[in-house]
Amino acid sequence: DHYHARAVLIATGSTYRRTNAPGEEDLIGAGIHFCATCDGPFYRGAQELMVIGGGNSGLEEGLFLTQVADRVCIVEHSEQLKGSRILQDKVMNHPGMEVLTNHAVQGFTAKDDGSGKLGSVLVHDRGTGEVTEHHPAGVFVFIGLDPNTTFLEGVVALDAAGFVTTDTSLMTSVEGVFAAGDVRA
């Protein structure tokens, strides 16, 4: 179809990045989540929850999850947290939080009871090579967003990560084409 308009607003959003570790796909919604404020309350009273990602989102959501669980373990791939210094300080000084830097999720397994729910998480220490098995009640993944812009390549200017670049009026590199929301740089 061909449409004519004076203006177009691109608001196609973004998609949460995944770890792509074995078992992840099967456990999304059954122990693996992408929104702590949405799904965290289902874990009220849990002994442990896990957050994957040490950027601002991971640290903020991890702090939120301490309101529903006894302990929150943050797993960060890099050798140091990426979040703001203020958030890092809050996390490091919180008695209910543990931080594992230079660690990577190696896989997820379901419980043996046939429920199809998360049973364990294998975490690889990138420094020592040791793999440990964790048993959080739930895992929350905050390792970034990928913009839904593949159809825009070569049409409007995108930044290095694929987000649409705009000026202060939200107009893209094409006159009359605007972008808003998570798709925008």
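The values are calculated or read from the model by the stated rules, or taken from the named source; none is laboratory data. Bear in mind that the values here come from a model prediction, so they are computed numbers and not experimental data. Quick reminder, even Gly has a Cβ in these numbers, built from the backbone with ideal geometry, and neighbours come from all protein chains shown. Quick note on the areas: whole protein, heavy atoms, side chains included, nothing else; ligands and nucleic acids left out. Shrake-Rupley method; radii C 1.70, N 1.55, O 1.52, S 1.80 Å.
Heavy atoms of the protein chains alone define the surface here; on that basis the chain has 56 Å² accessible area per residue at 1.4 Å probe size. Here the chain has 49 percent of its accessible surface on carbon and sulfur atoms, given a 1.4 Å probe and all protein chains in place. Close amide H contacts of Gly138 (hydrogens built in the peptide plane, cut-off under 5 Å, sequence separation of 5 or more or a different chain): Met50. With contributions of -39500 (n - 2.57) from each DSSP H run of at least four residues, the per-residue ellipticity at 222 nm computed over the chain stands at -3500 deg cm²/dmol. Just check segment 111-158 against the gyration tensor rule for me: Cα atoms, a ≥ b ≥ c as the square roots of the eigenvalues, rounded for a/c under 1.5, and otherwise prolate or oblate depending on whether a/b exceeds b/c. Oblate, since a/c reaches 1.5 and b/c is not below a/b.
In order along segment 71-84, the phi-based Karplus estimate (6.51 cos²θ - 1.76 cosθ + 1.60, θ = phi - 60°) of 3J(HN,Hα) comes to 9, 10, 9, 9, 10, 10, 5, 6, 6, 9, 5, 9, x, 4 Hz; Gly and Pro are listed as x. All other residues whose Cβ lies under 15 angstrom from that of His135 are scored, Lys and Arg at +1 and Asp and Glu at -1, for a net of -3.
Neighbours of Val75, meaning other residues whose beta-carbon lies under 15 angstrom from its beta-carbon, give a summed charge of -4 when Lys and Arg score +1 and Asp and Glu score -1. Subtracting the Cα-Cα distance of Gln80 and Phe42 from 0.36 nm times their residue separation leaves 10.7 nm of extension gain. Which of rounded, prolate, oblate describes segment 52-140, given a ≥ b ≥ c as roots of the alpha-carbon gyration tensor eigenvalues and a/c under 1.5 marking rounded, otherwise prolate only if a/b is larger than b/c? Note, shape of segment 52-140 comes out oblate. Summarising the label geometry, the points placed 7 Å from Cα in the beta-carbon direction at His135 and Asp1 lie 5.4 nm from one another. Modelled spin labels at Lys111 and Tyr16, positioned 7 Å past Cα toward Cβ, are 2.0 nm from each other. Overall dimensions of segment 23-104, expressed as equivalent-ellipsoid semi-axes from the Cα gyration tensor (√(5λ), whole Å, largest first), are 20, 15, 11. If we count every other residue with Cβ under 13 angstrom of Glu175's Cβ, Lys/Arg +1 and Asp/Glu -1, where does the sum land? Value of the local net charge: 0. Restricting to the chain, compute how many DSSP beta bridges are antiparallel as a %, nearest 5. Counting DSSP beta bridges with both partners in the chain, the antiparallel share is about 40 percent. Within the chain, the cysteines lacking any other cysteine Cβ closer than 4.7 Å to their own Cβ are Cys73.
Residues within the reach of a label modelled at Ala161 (point 7 angstrom out along Cα to beta-carbon, backbone nitrogen below 15 Å), restricted to segment 1-37, are 13-18.
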